[in-house]
Amino acid sequence: MNDAAPVAKLDARSYKSGIKPVWCPGCGDYSVLSGLTKALAALALPPEEVAVVSGIGCSSRIPAYLNTYGFHGLHGRALPLATGLKLARPELTVLVAGGDGDGFSIGGNHFLSACRRNVDLTYIVMDNQVYGMTKGQASPTTDPDWEHGKLTPGGTGINPFQPLVIALASGANFIARASSSDPNGMAQTLADAVRHPGFSFVQVLSPCLTFRPEQREWKQRVHPAPEEATSDLATAASRLFTDDSFYLGILYKGDRKPYAPERRQAPSDLSELEQAFMI
Ligand SMILES: Cc1ncc(C[n+]2csc(CCOP(=O)(O)OP(=O)(O)O)c2C)c(N)n1
Ligand code: SF4
(Lines give C-alpha, C1' and ligand atoms only; values in the text may rest on other atoms or scores of the structure.)
(Ligands and ions follow the chains in the order given, each with its own letter.)
Protein backbone atom coordinates (compact mmCIF):
# COMPACT_ATOMS: atom_id res chain seq x y z
CA MET A 1 0.00 0.00 0.00
CA ASN A 2 1.29 3.44 -0.84
CA ASP A 3 0.63 5.96 1.99
CA ALA A 4 2.20 8.95 0.24
CA ALA A 5 -0.12 11.98 0.05
CA PRO A 6 -1.29 12.65 -3.51
CA VAL A 7 0.73 15.40 -5.18
CA ALA A 8 -1.54 18.35 -5.99
CA LYS A 9 -1.51 19.32 -9.66
CA LEU A 10 0.03 22.74 -10.18
CA ASP A 11 -1.99 25.30 -12.10
CA ALA A 12 -1.44 29.03 -12.64
CA ARG A 13 -3.17 29.84 -9.31
CA SER A 14 -0.61 27.70 -7.44
CA TYR A 15 2.02 30.38 -8.18
CA LYS A 16 0.00 33.40 -6.93
CA SER A 17 0.72 34.62 -3.41
CA GLY A 18 -2.78 35.92 -2.68
CA ILE A 19 -1.49 39.47 -2.14
CA LYS A 20 -3.63 41.86 -4.17
CA PRO A 21 -1.57 43.86 -6.69
CA VAL A 22 -1.61 47.64 -6.23
CA TRP A 23 -1.10 48.40 -9.93
CA CYS A 24 -3.44 50.97 -11.55
CA PRO A 25 -6.55 49.65 -13.32
CA GLY A 26 -5.59 48.53 -16.84
CA CYS A 27 -1.83 48.36 -16.15
CA GLY A 28 -0.21 45.80 -18.46
CA ASP A 29 1.66 44.27 -15.52
CA TYR A 30 -1.49 42.36 -14.40
CA SER A 31 -1.30 40.41 -17.62
CA VAL A 32 2.43 39.74 -17.15
CA LEU A 33 1.65 38.24 -13.74
CA SER A 34 -0.94 36.04 -15.39
CA GLY A 35 1.37 35.05 -18.29
CA LEU A 36 4.20 34.24 -15.91
CA THR A 37 2.08 32.05 -13.62
CA LYS A 38 0.75 30.20 -16.69
CA ALA A 39 4.32 29.65 -17.89
CA LEU A 40 5.40 28.28 -14.49
CA ALA A 41 2.39 25.95 -14.48
CA ALA A 42 3.24 24.72 -17.99
CA LEU A 43 6.78 24.02 -16.80
CA ALA A 44 5.35 22.29 -13.67
CA LEU A 45 8.09 23.81 -11.55
CA PRO A 46 7.58 23.41 -7.79
CA PRO A 47 7.21 26.99 -6.41
CA GLU A 48 9.95 26.34 -3.84
CA GLU A 49 12.42 25.67 -6.68
CA VAL A 50 11.84 29.04 -8.33
CA ALA A 51 13.19 32.46 -7.32
CA VAL A 52 12.10 35.76 -8.87
CA VAL A 53 14.43 38.71 -8.33
CA SER A 54 13.49 42.32 -9.11
CA GLY A 55 14.69 45.89 -8.75
CA ILE A 56 12.47 48.91 -8.04
CA GLY A 57 9.49 50.19 -10.01
CA CYS A 58 5.81 49.32 -10.42
CA SER A 59 6.78 46.26 -12.50
CA SER A 60 9.42 45.24 -9.93
CA ARG A 61 6.65 44.59 -7.39
CA ILE A 62 5.91 41.29 -9.14
CA PRO A 63 7.79 38.94 -6.71
CA ALA A 64 5.35 39.94 -3.94
CA TYR A 65 2.44 38.61 -5.97
CA LEU A 66 4.07 35.22 -6.57
CA ASN A 67 4.16 32.17 -4.35
CA THR A 68 7.80 31.43 -5.29
CA TYR A 69 10.88 32.72 -3.52
CA GLY A 70 11.32 36.39 -4.26
CA PHE A 71 13.72 39.27 -3.71
CA HIS A 72 12.65 42.89 -4.20
CA GLY A 73 16.10 44.44 -4.41
CA LEU A 74 17.69 47.78 -5.24
CA HIS A 75 16.87 49.91 -8.27
CA GLY A 76 18.80 48.55 -11.28
CA ARG A 77 20.59 45.83 -9.34
CA ALA A 78 18.36 42.80 -9.93
CA LEU A 79 20.67 41.15 -12.48
CA PRO A 80 23.86 41.03 -10.35
CA LEU A 81 21.83 39.77 -7.42
CA ALA A 82 20.21 37.05 -9.54
CA THR A 83 23.60 36.12 -11.00
CA GLY A 84 25.01 35.54 -7.51
CA LEU A 85 21.95 33.53 -6.51
CA LYS A 86 22.10 31.28 -9.59
CA LEU A 87 25.84 30.63 -9.16
CA ALA A 88 25.38 29.80 -5.46
CA ARG A 89 22.19 27.73 -5.96
CA PRO A 90 22.35 26.37 -9.54
CA GLU A 91 19.49 23.94 -8.87
CA LEU A 92 17.02 26.85 -8.60
CA THR A 93 15.21 28.30 -11.62
CA VAL A 94 16.01 32.00 -11.35
CA LEU A 95 13.93 34.65 -13.11
CA VAL A 96 14.58 38.36 -13.08
CA ALA A 97 11.82 40.93 -13.66
CA GLY A 98 11.52 44.70 -13.83
CA GLY A 99 10.94 47.78 -15.92
CA ASP A 100 12.73 49.53 -18.78
CA GLY A 101 13.98 52.27 -16.43
CA ASP A 102 15.29 49.76 -13.92
CA GLY A 103 16.89 47.52 -16.55
CA PHE A 104 18.17 49.84 -19.25
CA SER A 105 18.94 53.08 -17.42
CA ILE A 106 20.40 52.64 -13.93
CA GLY A 107 20.83 48.89 -14.59
CA GLY A 108 22.04 49.25 -18.19
CA ASN A 109 25.58 48.11 -17.64
CA HIS A 110 24.39 45.05 -15.72
CA PHE A 111 22.21 44.19 -18.73
CA LEU A 112 25.26 44.23 -21.03
CA SER A 113 27.28 42.11 -18.57
CA ALA A 114 24.46 39.60 -18.07
CA CYS A 115 24.15 39.10 -21.84
CA ARG A 116 27.92 38.65 -22.16
CA ARG A 117 28.25 36.39 -19.14
CA ASN A 118 25.41 34.06 -20.18
CA VAL A 119 24.45 32.73 -16.77
CA ASP A 120 21.28 30.59 -16.98
CA LEU A 121 18.71 33.26 -16.08
CA THR A 122 15.46 34.46 -17.65
CA TYR A 123 15.12 38.24 -17.71
CA ILE A 124 11.65 39.74 -18.25
CA VAL A 125 11.51 43.47 -18.90
CA MET A 126 8.03 44.99 -18.69
CA ASP A 127 8.61 47.80 -21.17
CA ASN A 128 6.16 50.73 -20.94
CA GLN A 129 8.61 53.34 -22.24
CA VAL A 130 8.26 55.41 -19.08
CA TYR A 131 9.17 55.54 -15.39
CA GLY A 132 5.73 54.67 -14.02
CA MET A 133 6.45 54.57 -10.30
CA THR A 134 8.05 58.02 -10.17
CA LYS A 135 5.26 59.69 -12.17
CA GLY A 136 6.11 59.62 -15.81
CA GLN A 137 9.68 60.62 -16.56
CA ALA A 138 11.10 59.53 -19.94
CA SER A 139 12.99 56.22 -19.89
CA PRO A 140 15.69 54.91 -22.25
CA THR A 141 13.03 53.35 -24.54
CA THR A 142 10.88 56.51 -24.77
CA ASP A 143 10.50 57.99 -28.26
CA PRO A 144 12.40 61.29 -28.67
CA ASP A 145 9.30 63.38 -29.34
CA TRP A 146 7.16 62.18 -26.39
CA GLU A 147 6.21 65.25 -24.36
CA HIS A 148 5.24 65.05 -20.73
CA GLY A 149 4.36 68.48 -19.40
CA LYS A 150 7.14 70.25 -17.57
CA LEU A 151 9.22 67.10 -17.24
CA THR A 152 10.16 66.75 -20.91
CA PRO A 153 8.84 69.76 -22.83
CA GLY A 154 9.38 69.09 -26.51
CA GLY A 155 10.51 65.51 -25.80
CA THR A 156 13.98 64.23 -24.97
CA GLY A 157 15.30 64.46 -28.51
CA ILE A 158 17.31 61.29 -27.82
CA ASN A 159 17.01 58.16 -29.94
CA PRO A 160 15.57 55.27 -27.92
CA PHE A 161 17.58 52.32 -26.61
CA GLN A 162 16.88 49.22 -28.73
CA PRO A 163 16.69 46.33 -26.25
CA LEU A 164 16.67 43.45 -28.76
CA VAL A 165 19.54 44.91 -30.79
CA ILE A 166 21.63 45.46 -27.67
CA ALA A 167 20.83 41.97 -26.34
CA LEU A 168 21.90 40.36 -29.62
CA ALA A 169 25.07 42.42 -29.90
CA SER A 170 25.99 41.67 -26.28
CA GLY A 171 25.64 37.88 -26.49
CA ALA A 172 22.21 36.97 -25.02
CA ASN A 173 21.44 33.33 -25.83
CA PHE A 174 17.65 33.68 -26.31
CA ILE A 175 15.87 36.87 -27.39
CA ALA A 176 12.11 37.37 -27.72
CA ARG A 177 9.29 39.89 -27.53
CA ALA A 178 5.85 39.35 -26.02
CA SER A 179 2.85 41.55 -25.25
CA SER A 180 0.53 41.95 -22.29
CA SER A 181 -2.34 41.91 -24.79
CA ASP A 182 -1.53 38.25 -25.54
CA PRO A 183 -1.00 36.49 -22.17
CA ASN A 184 -1.20 32.98 -23.67
CA GLY A 185 1.44 33.73 -26.31
CA MET A 186 3.51 35.42 -23.59
CA ALA A 187 3.22 32.32 -21.37
CA GLN A 188 4.50 30.12 -24.19
CA THR A 189 7.41 32.47 -24.92
CA LEU A 190 8.33 32.72 -21.22
CA ALA A 191 8.24 28.93 -20.84
CA ASP A 192 10.53 28.59 -23.89
CA ALA A 193 12.84 31.24 -22.40
CA VAL A 194 13.12 29.35 -19.10
CA ARG A 195 13.76 26.04 -20.91
CA HIS A 196 16.53 27.54 -23.05
CA PRO A 197 19.96 27.29 -21.37
CA GLY A 198 21.93 30.48 -20.75
CA PHE A 199 20.78 34.10 -20.51
CA SER A 200 17.29 34.54 -21.97
CA PHE A 201 15.86 38.00 -22.52
CA VAL A 202 12.16 38.70 -23.10
CA GLN A 203 10.91 42.23 -23.72
CA VAL A 204 7.22 42.38 -22.80
CA LEU A 205 5.26 45.35 -24.14
CA SER A 206 3.28 46.27 -21.03
CA PRO A 207 1.39 49.58 -21.23
CA CYS A 208 1.29 52.20 -18.49
CA LEU A 209 -2.19 53.61 -19.08
CA THR A 210 -1.77 56.20 -16.33
CA PHE A 211 1.12 58.12 -17.87
CA ARG A 212 0.90 56.85 -21.46
CA PRO A 213 -2.81 56.29 -22.22
CA GLU A 214 -2.02 56.25 -25.94
CA GLN A 215 -0.37 52.83 -25.37
CA ARG A 216 -3.91 51.40 -25.30
CA GLU A 217 -3.43 51.17 -29.07
CA TRP A 218 -0.54 48.71 -28.74
CA LYS A 219 -2.95 45.79 -28.76
CA GLN A 220 -3.98 46.71 -32.31
CA ARG A 221 -0.39 47.16 -33.43
CA VAL A 222 1.20 43.90 -32.24
CA HIS A 223 1.44 41.01 -34.71
CA PRO A 224 3.19 37.64 -34.87
CA ALA A 225 6.82 37.55 -36.02
CA PRO A 226 6.93 36.92 -39.78
CA GLU A 227 9.53 34.12 -39.41
CA GLU A 228 10.45 31.28 -37.08
CA ALA A 229 13.25 31.85 -34.54
CA THR A 230 16.75 31.66 -35.98
CA SER A 231 19.99 30.42 -34.46
CA ASP A 232 22.04 32.41 -36.96
CA LEU A 233 23.37 35.71 -35.61
CA ALA A 234 23.58 37.43 -39.00
CA THR A 235 20.00 36.46 -39.88
CA ALA A 236 18.75 37.71 -36.50
CA ALA A 237 20.67 40.97 -36.95
CA SER A 238 19.25 41.55 -40.43
CA ARG A 239 15.69 40.90 -39.14
CA LEU A 240 16.18 43.62 -36.55
CA PHE A 241 16.75 46.15 -39.34
CA THR A 242 13.13 45.69 -40.41
CA ASP A 243 11.72 45.32 -36.89
CA ASP A 244 8.71 47.62 -36.41
CA SER A 245 9.02 47.14 -32.60
CA PHE A 246 5.67 45.34 -32.51
CA TYR A 247 6.31 41.86 -33.80
CA LEU A 248 5.94 39.15 -31.21
CA GLY A 249 7.75 35.85 -30.84
CA ILE A 250 11.24 34.46 -30.55
CA LEU A 251 13.88 36.22 -32.61
CA TYR A 252 17.01 34.27 -31.70
CA LYS A 253 18.01 31.02 -30.00
CA GLY A 254 21.75 30.58 -29.58
CA ASP A 255 23.81 27.63 -28.45
CA ARG A 256 26.42 29.29 -26.22
CA LYS A 257 27.34 27.23 -23.20
CA PRO A 258 26.01 28.90 -20.02
CA TYR A 259 28.57 30.30 -17.62
CA ALA A 260 28.55 27.95 -14.63
CA PRO A 261 31.86 27.88 -12.75
CA GLU A 262 32.67 24.88 -10.63
CA ARG A 263 31.53 25.32 -7.04
CA ARG A 264 34.39 25.48 -4.57
CA GLN A 265 34.17 24.66 -0.90
CA ALA A 266 34.23 27.88 1.13
CA PRO A 267 37.27 27.90 3.46
CA SER A 268 36.31 27.12 7.06
CA ASP A 269 39.54 28.61 8.42
CA LEU A 270 40.34 32.11 7.17
CA SER A 271 43.79 32.40 8.78
CA GLU A 272 45.61 31.31 5.59
CA LEU A 273 43.68 33.88 3.57
CA GLU A 274 44.41 36.58 6.18
CA GLN A 275 48.14 35.76 5.97
CA ALA A 276 48.08 36.30 2.19
CA PHE A 277 46.82 39.87 2.67
CA MET A 278 49.05 40.71 5.65
CA ILE A 279 51.28 43.75 5.01
C1 LIG B 1 19.04 54.48 -6.69
C2 LIG B 1 17.63 54.92 -7.00
N3 LIG B 1 17.44 55.91 -7.90
C4 LIG B 1 16.19 56.30 -8.21
C5 LIG B 1 15.11 55.71 -7.62
C6 LIG B 1 13.72 56.20 -7.94
N7 LIG B 1 12.99 55.29 -8.81
C8 LIG B 1 12.19 54.36 -8.28
S9 LIG B 1 11.40 53.45 -9.46
C10 LIG B 1 12.15 54.36 -10.69
C11 LIG B 1 11.86 54.11 -12.15
C12 LIG B 1 10.99 52.97 -12.43
O13 LIG B 1 10.75 52.85 -13.79
P14 LIG B 1 10.71 51.46 -14.52
O15 LIG B 1 11.85 50.62 -14.12
O16 LIG B 1 10.55 51.71 -15.97
O17 LIG B 1 9.43 50.76 -13.89
P18 LIG B 1 7.87 51.06 -13.93
O19 LIG B 1 7.56 51.81 -12.67
O20 LIG B 1 7.56 51.86 -15.16
O21 LIG B 1 7.27 49.69 -13.97
C22 LIG B 1 13.01 55.32 -10.17
C23 LIG B 1 13.81 56.27 -10.97
C24 LIG B 1 15.36 54.68 -6.66
N25 LIG B 1 14.34 54.03 -6.07
N26 LIG B 1 16.61 54.30 -6.39
S1 SF4 C 1 1.83 54.01 -12.92
FE2 SF4 C 1 1.79 52.91 -14.87
S3 SF4 C 1 3.25 51.19 -14.62
FE4 SF4 C 1 2.72 51.96 -12.56
S5 SF4 C 1 0.98 50.67 -11.90
FE6 SF4 C 1 0.12 52.53 -12.83
S7 SF4 C 1 -0.24 51.93 -14.98
FE8 SF4 C 1 1.19 50.43 -14.12
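The values are calculated or read from the model by the stated rules, or taken from the named source; none is laboratory data. All figures in this text were calculated on a predicted structure; none of them were measured in a lab. Quick reminder, even Gly has a Cβ in these numbers, built from the backbone with ideal geometry, and neighbours come from all protein chains shown. Heavy atoms of the whole protein, side chains included, go into the accessibility calculation; ligands, DNA and RNA do not. Shrake-Rupley method; radii C 1.70, N 1.55, O 1.52, S 1.80 Å.
What list of ³J(HN,Hα) couplings, whole Hz, do you get for the stretch 182-194 from phi and the Karplus terms 6.51, -1.76, 1.60, once you set θ to phi - 60° and write x for glycine and proline?
Using θ = phi - 60°, the values come out as 9, x, 6, x, 4, 4, 5, 5, 5, 5, 4, 5, 5 Hz.
Once phi is turned into ³J(HN,Hα) by the Karplus curve 6.51 cos²θ - 1.76 cosθ + 1.60 with θ = phi - 60°, what whole-Hz value does each residue of the stretch 14-19 show in order, with x for glycine and proline?
Result, ordered by residue: 4, 9, 8, 7, x, 6 Hz.
Rounded to the nearest percent, how much of the accessible area of the stretch 142-213 (1.4 Å probe, protein heavy atoms only) is carbon and sulfur?
C and S fraction of accessible area: 53 percent.
Long-range amide H contacts for residue 251: which residues qualify at under 5 Å (H placed 1.01 Å from N, peptide plane, sequence gap of 5 or more or a different chain)?
So residue 251 has HN proximity to 175, 176, 177.
Suppose we keep just the alpha-carbon trace of the stretch 145-212; what are its Rg and Dmax in angstrom?
Taking only Cα atoms of the stretch 145-212, I get Rg and Dmax of 15.5, 45 Å.
Here are some pairs, 150/219; 86/257; 38/253; which of them have Cα atoms lying more than 19 Å apart in this structure?
Checking Cα-Cα distances, 150/219; 38/253 exceed 19 Å.
Lys and Arg at +1, Asp and Glu at -1: add these up for the other residues within a Cβ distance under 13 Å of residue 238 and post the number.
That sum, taken over residues with Cβ under 13 Å, equals -2.
Take the alpha carbon atoms of the chain, find their radius of gyration, then divide it by 2.2 N^0.38 Å using N residues; give the quotient.
With N residues counted in the chain, Rg over 2.2 N^0.38 Å equals 1.06.
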